[in-house]
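What follows is calculated from the coordinates using simple rules that are stated; it is not laboratory data. Values in this document were obtained by computation on a predicted structure and should not be read as measured data. Virtual Cβ from ideal backbone geometry, glycine too; neighbours counted across all protein chains shown.
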Amino acid sequence: MTPPGGTSSAPAVTVGDVWKALDDEFPFAHRADWDNVGILLGDSNAPATRVVIALDATPAVVAACRRHKADLLVTHHPVIYSPLKSIRADQAASAAVYELVRMGLAVISAHTNADVAPKGVSHALARRIGLQKIRPLIPGEPSDACKVVVFVPPDRADDVLAALSEAGGGRIGHYTRCSFRTVGTGTFFPAEGANPFLGRPGSEERVEEVRLESVVAANLLTGVLKGVRDAHPYEEPAIDVYPLKGGALGGGIGAVGNRLREAPLAEVLEDVYRAVRPSWIKVAGPQKRRVRKIAVVAGSGSEFAEAARAAGADLFLTADVKYHQALEASSGEMTVADIGHGSGEKWILPEFRRVISARFGKRVFPRVVMENEPLRAYRPKETGGTKR
């Protein structure tokens, strides 16, 4: 396929290729178990030359896809989240899906997997407001990760690890093929009729084996176990699966870092406003204080205020702060600022574009569509009094 404005002998970039580029940076397997991410519409083998990137598939974003003749839309929030009983143009829940299908667009959504990635949504916001020495607020995303342990002859351990990795296991943050090996002695007694890789039926065997262990996202477990069994030389390989409590796949929730210099709260909020341009900044808690350390959870993260306090943050930036959470902040020592859900999350969109451009160069034309909050702050005109 020839991209607009030029010629190329390279094979066309496909929707699946873009998915893989995003998966390398924001592994889709590291999603929350309630989430819906990945290729949600379209054909993974279809070409992806013009890409629109947005938070949501709003009417304005769909119109931008049409205007730019896009063949792929990448969103942060899933274009299909809850099951759809029908897909109709006259129903709000499915109108965008109807129009995107009618236009022939594919859609990739990267949601909670982008939230918890090492340089994900909150990290992007932290960089945007100029924080230094950024680290996860809560290291290791809460996940349903497992540890897979398999016992294998030493000369076949690399083959088994390769199969495990190919199926998506062994990934921690930006590292792949992560494993640990110990050498020991395995024993087994093949019954008559068995076909052992080592030894013979009717005779107890003692052989050197490697205990190979690695972490796996639980939603990939079935495929990983199949890959391990297919690569394993034994007729009946010994495999253990242990659920892991807490995160074990890298990244984490939120971000925390320091400003270059301490400053009064009002000055810091002005800096945040200029960097993020939110529709509002709602503040609860101490107002006459100085700020150096800031914690952020982009999007809805008010429940992580206690983690921000424990991290020693002077200011916690997030969104969707509820009334009683604001009351609690008002009586505490840490200031909480609500900057709006989309205003905090939209800075991941240029990161999606960066990943796609870095992988494919001028073979793909990604375009970011930034939108304002769907909620607007209404300020009525002053009434009464004498005009001056």
Checklist entry - Based on DSSP H assignment, which helices of the chain show an axial Cα extent of at least 20 Å together with a mean Kyte-Doolittle hydropathy greater than or equal to -0.5? => result none
Checklist outcome for this item: By the C-alpha gyration tensor axes a ≥ b ≥ c (rounded if a/c is under 1.5, else prolate when a/b exceeds b/c, else oblate), the shape of the range 1-112 is oblate
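Once you've got the Cα coordinates, tell me which of K69/K346; K293/K346; K69/K282; K288/K322 are over 31 Å apart. Display every interim value, and only then the final one.
On the way: K69/K346 22 Å; K293/K346 22 Å; K69/K282 39 Å; K288/K322 22 Å.
In this structure, K69/K282 exceed 31 Å between Cα atoms.
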Checklist entry - What is the order of I80, I108, fewest Cβ neighbours within 10 Å to most? => result I80, I108
Checklist entry - Amide H of D144: which non-local residues (sequence gap of 5 or more, or other chain) have their own amide H closer than 5 Å, using H built in the peptide plane? => result A218
Next on the checklist: Compute a Gaussian network model of the chain, connecting alpha carbons closer than 10 Å, and tell me which residue from D144, D271, D155 fluctuates the most.
Outcome noted: D155
Item to check | Under 10 Å, Cβ to Cβ, from A114 - net charge with Lys/Arg +1 and Asp/Glu -1 | outcome: -2
Item to check | Contact order normalised by residue count of the chain, Cα under 8 Å, 6+ apart, percent | outcome: 19
Item to check | Ranked list, fewest to most other Cβ atoms within 10 Å of each Cβ, for F316, F189 | outcome: F189, F316
Next on the checklist: Rounded, prolate or oblate, given the Cα gyration tensor of the range 94-165, with a/c below 1.5 counting as rounded?
Outcome noted: oblate
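Per DSSP helix of 4 or more residues, -39500 (n - 2.57); summed, then divided by the residues of the chain. What does that give at 222 nm, rounded to the nearest 500?
On the way: 12 runs with 106 residues, N = 388.
Counting only the DSSP helices, I get -7500 deg cm²/dmol.
For T318, T14, what ranking results if the residue with the fewest other Cβ atoms within 10 Å of its Cβ goes first? Could you put the intermediate results ahead of the total?
Working: T318 28, T14 19.
Final ranking by Cβ density, sparse to dense: T14, T318.
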Checklist entry - Whose amide H sits under 5 Å from the amide H of S279, counting only residues 5 or more places off or on another chain, with H placed in the peptide plane? => result E373
Checklist outcome for this item: Options (i) 35, 23, 21; (ii) 46, 29, 18; (iii) 38, 23, 17 are given for semi-axes √(5λ) of the Cα gyration tensor in Å, and the computed one is (ii)
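Could you check what % of the DSSP bridge pairs in the chain are antiparallel, to the nearest 5?
Working: 39 of 59 bridges.
The antiparallel fraction comes to roughly 65 percent.
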